[in-house]
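Trainee: Have a look at the structure that comes next, please.
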Amino acid sequence: MAEMGDVEALLRSALVPVEPSEALSDRLQRGLSEITDLAVEELADWELSTMRDPRNWGPTVAAVVAGGAAAGGLVVLSARQRRRHRGSGPMRSLQHGVREVSSDLRSRLRR
Amino acid sequence: MIESADKRRLDGDFTELYRAHLRDVYSYAYYRVGNHHDAEDLTEQTFLQAYRHFERAQRESDGRPLRPWLIRIAHNLAANYYRDRSRKPQTQLEDAAVVSATHDTETLVEGRQELRDVLAGVSSLPDDRREALIMRFALGMDNREIARALDRSEGATKVLIHRAIKQLEQQLEEAVDG
């Protein structure tokens, strides 16, 4: 007859932590760094080019804030949507997400 | 450029969170979905979702650990995963735990069967009880963390875990008797 303590011991033996594969770890880390690096680069390039013209100073600040805030959300949404529709691999969805952010930032900054 | 500096700090914090809890999220996902392929998918989606809401979560955490928040995201995504695809949790979890036992041949066979019974028992528990046990035993979360992840009081969480263990105990007894 199993006692409470025995069951807890069994649970400890059965439910051990599971190590993710190195491939997943690398893929996630690479994907997240691409997303964050890209967002920062895009903003920096655009800020430099736009701030030369004083007429853009007001809209620039507003757009930087809006673009930065939108970037993260867009990556997630687009990655998930594409994943659902196409059933593609994880890296592909991350790459699509990165491209979408880049294109979204460019279009926002052109306005 | 203040926004960029803030973003870099935020990204650095997020990287730390990711490194500290990748195994937790993956373990939780694995025990929820029962296979490595979908667990990877769920883990990936969890971190992307977390990245999206990280700034707000950090601001509202008031210095408390973010692991329960992260596990809650995985919990919600897992619920969607089953709802969207009308899937049931799988019980084939052998490669995670059962194989890792190190005993002589006879006890290994007995031990494997015992652990297999435990895993099957966990899989058959109601969702909230199963999840509480996964968080407690696979992730080593305490009652306070589990309560935050499941959006319950600490008292209710303590009762939930107690009942889950009692139910599992009964199931194992019935399996031995039957």
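The values are calculated or read from the model by the stated rules, or taken from the named source; none is laboratory data. All values derive from a computational prediction rather than experimental measurement. Positions of Cβ are backbone-derived with ideal geometry, glycine not excepted, and every protein chain shown enters the neighbour counts.
Trainee: Restricting attention to the range B:131-157, which residues are within 12 Å of another protein chain (Cβ to nearest Cβ), in contact (Cβ under 8 Å) with a residue 40 or more places away in the chain and in a loop (DSSP other than H, G, I, E, B)?
Mentor: B:Leu139, B:Met141
Results for (1) part of a helix (DSSP H, G or I); (2) modelled with pLDDT under 90; (3) more than 12 Å from chain A (Cβ to nearest Cβ), shown as yes or no for each residue.
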residue: B:Ser27; (1), (2), (3): yes, no, no
residue: B:Glu40; (1), (2), (3): yes, no, no
residue: B:Gln58; (1), (2), (3): yes, no, yes
residue: B:Gln92; (1), (2), (3): no, yes, yes
